[in-house]
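Notes follow the structure.
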Amino acid sequence: MKKLFILALGGLMVASCNDGVKKAEQAALMQRDSLEQIIAQKDNEINDMMTTLSDIEEGFREITEAQNRVTLAKEGEGTNTSQRIRENVQFIQSVMKQNKELINKLKQQVRESTVKGDQLKKIIDNLTEQMEVKDKQLQALREELDAKDIHIAELDEQVAGLNDNVNSLKQENTQKAQTISTQDKELNTAWFVFGTKSELKDHNILVKGKVLQANYDKSYFTKIDIRIDKEIKLFSSSAEILTAHPASSYTLLRDANKQYVLRITDPQAFWSTSKYLVIQVK
C-alpha cells in the first residue's frame, strides 16, 4: 500500500513538472511572437522612412539639374532663352514645394515611429539645411530673372508696337504654366475613403455588394497626392480593400495598437487601376 502511494505521488509530481514545462514553452513562444511583431513593425517604419528619404533626395537631384539648365540658358542666346529660364524656375519652385511637404512627412514619421536615435534628427536637420540653401539660391535666381525682364522691357520700348507682343507672350506663358501645373495635379490626385459597411451604404459607395456602381457621394472621399501620401491609417483592427488594386503594390499591416495601416509601396501600380480607393472597416 505504501509503495502504491509513493508511485502515485511520483506520477503527480511528473505531471505537474510537465505542465510547468508546457506553460514555460507557451510563454516563450508568445514572447518570441511579440518580439517578431515588434521587429517587423520597426522594419516597416524604417522602410517607410527610407522611401520618403529617397523621394526627397530625388527631388534635390531634379532641382540641381534644373538649376544647371538655367545656367546654360543664361549663357546661351536665342528668342526662347527667357522662356526656358522661366519654365525651369517654375519647375524648381514646384519640386521644392513637394520636397518641403516630404520633409514634413518624414518629421511626422520620426515622431510617430518606435525607432528613435540622434542620427534620424541629424538627417532631418541636414535636409532642412539643404532646403534653406536651395531657397536662397532660388530667391537669388528670381531676382536675377526680374532684373533681366526689366532689361528686356527697356529694349522693347525702343521698338514701336513690341510691348503688346511681349505682354501677350507673358500671358501665354503664364497660362501654359498654369495648365501644366493643373494637369500635373490631376495626374497625381487620388481619393480614398474608409468606413463601416453601413456608412459606405449610407453614401451609396456600397450598393447591393457592388462598389462605386451607383451615384455615390464623392464629397465623402479624401483627396491625396499619390506622390506624397503613401500611408493611410485606418484606425481599425479589421480592414478589407473593396476596390481593385494590385496586391504587390501595397501592404496591410497592424501598428503597435493592433490597428491596420495601409502602406502603398508602388504608387504608380497601385493607382493604375483606379484613382478611387474604398476600404471597409469595423
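Figures for the structure shown
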| read-out | value |
| --- | --- |
| Residues with amide H under 5 Å from that of residue 265, placed H, sequence gap 5 or more | 250, 251 |
| Amide H partners (placed H, <5 Å) of residue 242, local residues excluded | 278, 279, 280 |
| In order through segment 123-130: 3J(HN,Hα) via Karplus (6.51 cos²θ - 1.76 cosθ + 1.60), integer Hz, x for Gly, Pro | 4, 5, 4, 5, 5, 4, 5, 4 |
| Solvent exposure ordering (accessible area, 1.4 Å, most first) of 91, 235, 60 | 235, 91, 60 |
| From phi via Karplus (6.51, -1.76, 1.60), per-residue ³J(HN,Hα) for segment 252-259 in Hz, x at Gly/Pro | 10, 10, 8, 8, 5, 9, 6, 9 |
| Karplus (6.51, -1.76, 1.60) ³J(HN,Hα), θ = phi - 60°, over segment 273-278, in Hz, Gly and Pro reported as x | 8, 6, 8, 10, 10, 10 |
| Gain upon complete extension [residue 130, residue 266; 0.36 nm per residue less C-alpha separation] | 46.3 nm |
| 5 angstrom amide H check on residue 211, placed H, neighbours 5+ away | none |
| Rounded accessible area of residue 65 (nearest 10 Å², 1.4 Å probe) | 80 |
| Exposure of residue 64 as accessible area (Å², to 10), given a probe of 1.4 Å and all protein chains | 60 |
| Inter-site label distance for residue 119 and residue 204 at 7 Å from Cα along Cβ, in nm | 5.4 |
| Solvent-accessible surface (1.4 angstrom probe) belonging to residue 146, in square angstrom, nearest 10 | 90 |
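The values are calculated or read from the model by the stated rules, or taken from the named source; none is laboratory data. Since we're looking at a predicted model, the values are computed, not measured. Positions of Cβ are backbone-derived with ideal geometry, glycine not excepted, and every protein chain shown enters the neighbour counts. Quick note on the areas: whole protein, heavy atoms, side chains included, nothing else; ligands and nucleic acids left out. Shrake-Rupley method; radii C 1.70, N 1.55, O 1.52, S 1.80 Å.
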